[in-house]
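Each remark here refers to the structure printed beneath this line.
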Amino acid sequence: MPASWPCPGPAGIADEHAVVFDRARAVRLLIVPPLFEEMNRSRRMLIETQRCLDALELDSMLPDLPGCNESLQSFSAQSLGSWRAAMETAARHFAATHVLAVRGGALVFPTRLPGWVLEPVKGASILRQLLRARVLSAKESGREENSADLLEEGRNIGLELAGYRLSAALVAGLDSAVPEDEGQRVIRQAELGVSALWLRSEPGEDPAQSAALAQIIASEAAA
């Protein structure tokens, strides 16, 4: 299951981690994960989806975004552009035929591939959530901060949000980014019939949700 792939980075090519179910089958699905904490909350569900896809005779690959999970690259060096380049490299390395982009993953996935986007979200919405969490945390600590000032600071010099050091490029990119789907099918959470794991406070899994998502992908990939 674990694999590595050569990813471009500021210091050259880095070996990045991926979870793969690869039996050299015809359909090869690249999964581009959500961003920030939504990635952590959804990871177990996505790996269970890979197991379901494997049972349905589809290959799948879930690569780390540079700077995230097992990656040794610096998060503060990342931008939407670097993540797009990384996911395109991963798609080529694993010979992906299809893509599933989840939430903020729809901002950085290889749009040339056919496939699906699960509940795509604008970058500004992600940024607002991160800023709101920081403002609330500051208030609980007796400090006054506001989103407008923080956003301006982030655009100029970068910003610490939710334990992540965002570069100025990443802040500016998120503020204006919209999902880049180009004909990929949008899957809405209601189709899976369960609550969204990325909205929960802790990482979790839902076998029924993973099975439903895998079944949608398998049936439509075969159509």
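The values are calculated or read from the model by the stated rules, or taken from the named source; none is laboratory data. Computed from a predicted model, the values in this text were never measured in an experiment. Reconstructed Cβ throughout: ideal geometry from the backbone, glycine too, with neighbour counts over all protein chains shown. Surface accessibility is based on the protein's heavy atoms, side chains included, excluding ligands, DNA and RNA. Shrake-Rupley method; radii C 1.70, N 1.55, O 1.52, S 1.80 Å.
The set of residues in the range 21-39 being open to solvent by 20 Å² or more (accessible area, probe 1.4 Å) and among the aliphatic types (A, V, I, L, M) consists of A24, A26, V27. Would it be correct to say that S125 is modelled with pLDDT of 95 or more, buried (at least 20 other Cβ atoms within 10 Å of the Cβ) and among the hydroxyl-bearing types (S, T, Y)? No, not satisfied.
Can you find a residue in the range 134-145 that is open to solvent by less than 80 Å² (accessible area, probe 1.4 Å) and modelled with pLDDT of 95 or more? Looking through the range 134-145, none of the residues is open to solvent by less than 80 Å² (accessible area, probe 1.4 Å) and modelled with pLDDT of 95 or more. From the list A212, A168, the lone residue that is assigned by TED's automatic domain parsing to the domain that holds I47 and surrounded by 15 or more Cβ atoms within 10 Å (Cβ to Cβ) is A212. When R92, R84 are screened for being surrounded by fewer than 22 Cβ atoms within 10 Å (Cβ to Cβ) and without any contact (Cβ under 8 Å) to a residue 24 or more places away in the chain, only R92 passes. Conditions: (1) in the same structural domain as E38 (by TED's automatic domain parsing); (2) within 14 Å of E37 (Cβ to Cβ). I187 meets all but one. Number of the miss? Against the list (1) in the same structural domain as E38 (by TED's automatic domain parsing); (2) within 14 Å of E37 (Cβ to Cβ), I187 comes up short only on (2). Within the range 40-80, the only residue that satisfies the criterion of being within 16 Å of A101 (Cβ to Cβ) and open to solvent by 30 Å² or more (accessible area, probe 1.4 Å) is R43.
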